[in-house]
Amino acid sequence: MQKPRIVAGNWKMNLRLQAGIHLADEIVRGNRPEDVQCILAPPFIHLPLIARKLEQHGIGLAAQNCYEYSTGPYTGEISPDMLQSAGVAYVIVGHSERRLHFQESNALLYRKSLAVFEAGLIPIFCCGEPLEVRQQGKEKAFVEQQLEESLFPLSAEYLSQIIIAYEPVWAIGTGHVASPDQAQEMHVFIRDKIRSRIGDASAAVLPILYGGSVKPDNASGLFAMEDINGALVGGASLVAKDFLEIMASFPNS
Ligand code: PGA
């Protein structure tokens, strides 16, 4: 089976409504390789306004977060079921900014991932170590614990449909991209771990994206690696030209 190629844009808390619609238009009109799945993750308020247009052009729509329950008295929260009704297909779960600023734990991220699957959506599950953990050489044990506590309790059927993003915290928004070798080594480790739960065939095509300072000038080095199936892009996804260039950075298949 052909390995997946995915580039997802995480707009984070950026862009007023009209600017978001404009950026989505530029990406829709842009030149996108047919064998690369494009996904956009705008803020909640943009979602229903661009859903139809993206769908017409084969672009996936993701939310950046959701709550763990489907309805109820949780003022300010948005459920996976509500997202599904707005045309969303994916939800970013466990981004390091949510772990850091909103104290999201591995246990909560398991419950959120499960809720996302139960609503018929796909989690884009983020994992990755902070700088001090890498400096101590303990990055694999750290990521292993994130996977074990948040993903291993999921059924093999769900787990085989997930998208994983390895995002070392020290590389996010810093301009210090991981080297292709550093990323490849962790991607192999993650794939091996998940293989033990879902088997060889599913693990071979499990999308594992790299995230953290991906730019047009470093994407092709990352995408040349065997186990890097694409990228979760933050800053560079806010500039259509850069985002489209990243999408065009896979080796010829
Ligand atoms: P960055 O963000 O590309 O701006 O480093 C990546 C992310 O946080 O998903």
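The values are calculated or read from the model by the stated rules, or taken from the named source; none is laboratory data. Model, not experiment: these values are computed from the prediction. Neighbour counts run over all protein chains shown; Cβ positions are idealised from the backbone, glycine included. What goes into the accessible areas is simple: the full protein's heavy atoms, side chains included, and nothing from ligands, DNA or RNA. Shrake-Rupley method; radii C 1.70, N 1.55, O 1.52, S 1.80 Å.
When each of 169, 133 is tested for being closer than 23 Å to residue 107 by Cα, modelled with pLDDT of 95 or more, among the β-branched types (Val, Ile, Thr) and within 13 Å of the ligand (Cβ to nearest atom), the lone residue that passes is 169.
May I ask you to list the residues in region 96-121 that are touching a helix residue (DSSP H, G or I) at 6+ places or on another chain (Cβ under 7 Å), more than 16 Å from the ligand (Cβ to nearest atom) and hydrophobic (A, V, I, L, M, F, W, C)? Across region 96-121, the qualifying residues are 107, 115, 116, 117, 119, 121.
At least 3 residues being open to solvent by 50 Å² or more (accessible area, probe 1.4 Å) and touching a His at 6+ places or on another chain (Cβ under 7 Å) is the threshold, and among the strands (runs of 3 or more DSSP E) wholly inside region 132-248 not one reaches it.
Every residue, every condition in (1) without any contact (Cβ under 8 Å) to a residue 40 or more places away in the chain; (2) touching a strand residue (DSSP E or B) at 6+ places or on another chain (Cβ under 7 Å), yes or no:
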| position | (1), (2) |
| --- | --- |
| 42 | yes, no |
| 48 | yes, no |
| 53 | yes, no |
| 59 | yes, yes |
| 62 | no, yes |
| 67 | no, no |
| 74 | yes, no |
| 81 | yes, no |
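What are the residues in region 61-103 that are of a type in the set (Val, Ile, Thr) and farther than 12 Å from residue 124 by Cβ, if any?
Within region 61-103, 71, 75, 78 qualify.
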